[in-house]
Amino acid sequence: MLISNLFKFNIAPSILSEIIVSAVKHLLLLSAVLTGVSLFSACRSEASVENTDELNRLITISDDSLLTLIQYRTFQYFYEGAEPSSGAARERLHLDGEYPDHDENVVTSGGTGFGIMALIVGMERKFISNEEGLAHFEKLIGFLEKADRFHGAWPHWMYGETGKVKPFGEFDDGGDLVETAYLVQGLITARQYFNKMGTDKSIA
């Protein structure tokens, strides 16, 4: 509504562009801060924003630092928050360790595709070493090779310890084409990235 209303006024394109960019920047900043606080500051009280100076620093962050912050927080979620047995992305991550439905080790195939993309960003931005990224990826590949598939498609949910499908319901316990597409996009990207990097063995 706001954006459409702006076009009703005689605003110079350059000014309108600045308004939109500024709005997007602040929305991204808010998202990054909230993500960081909810994922990490909740369990690390020393990382919480405690004074006005720190808050002002976040508000006046540069574009480059803002993008780095968003990339790093996203990377942390998928890397540090990965299900430990498989390396795949959890369907849910509760920092308090409380899982009423006992689903702490349930992973999602589509989210894992996003996690692979984040892993590549983490290596490219030097959040982790290439060796650490490759080790994580190889653990994930070992899991996916043994996980349940249905005519080639992975299910939406799987158990990270076993790779067995976690059904949506009684009659919905098979492959998920949309989630598999997200996962395969990540796998193809990783194959190109690692092969270009020149690792000891290519990713077929």
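Criterion applied to 132, 124, 80, 161 was being acidic (Asp, Glu), more than 12 Å from the chain's Cα centre (by Cα) and more than 24 Å from residue 195 (Cβ to Cβ), and the one residue passing it is 161. Quick check: anything in the range 135-147 at positive phi, over 19 Å from the mean Cα position of the chain (by Cα) and loosely packed, with under 15 Cβ neighbours inside 10 Å? No, every residue in the range 135-147 fails to be at positive phi, over 19 Å from the mean Cα position of the chain (by Cα) and loosely packed, with under 15 Cβ neighbours inside 10 Å. Mind checking whether some residue in the range 151-172 is buried (at least 16 other Cβ atoms within 10 Å of the Cβ), in contact with a helix residue (DSSP H, G or I) (Cβ under 6 Å, 6 or more places away or on another chain) and of a type in the set (D, E, K, R)? No; the residues of the range 151-172 include none that is buried (at least 16 other Cβ atoms within 10 Å of the Cβ), in contact with a helix residue (DSSP H, G or I) (Cβ under 6 Å, 6 or more places away or on another chain) and of a type in the set (D, E, K, R). The C-beta contact set for the range 148-170 (first residue under 14 Å from residue 83 (Cβ atoms), second residue assigned to a loop (DSSP other than H, G, I, E, B) and of a type in the set (Gly, Ala, Ser), distance under 7 angstrom, 6+ apart or interchain) comprises 158/147; 160/85; 160/86; 160/88; 161/85; 163/147. Here residue 107 meets the list (1) within 16 Å of residue 180 (Cβ to Cβ); (2) free of Cβ contacts under 8 Å to residues at least 24 places away in the same chain almost entirely, failing just condition (2). From the list 185, 192, exactly one residue is out of contact with any Ser or Thr (no Cβ under 7 Å at 6 or more places or on another chain) and without any contact (Cβ under 8 Å) to a residue 40 or more places away in the chain. Which is it? Being out of contact with any Ser or Thr (no Cβ under 7 Å at 6 or more places or on another chain) and without any contact (Cβ under 8 Å) to a residue 40 or more places away in the chain holds for just one of 185, 192, which is 192. Can you tell me how many residues in the range 88-114 are touching a strand residue (DSSP E or B) at 6+ places or on another chain (Cβ under 9 Å) and among the small types (Gly, Ala, Ser)? The total comes to 4.
Bear in mind that the values in this text are calculations on the coordinates, not laboratory data. As the structure is a computational prediction, the values presented were derived from the model and not from experiment. In this analysis, Cβ positions are derived from the backbone assuming ideal geometry, glycine residues included, and neighbour counts consider all displayed protein chains.
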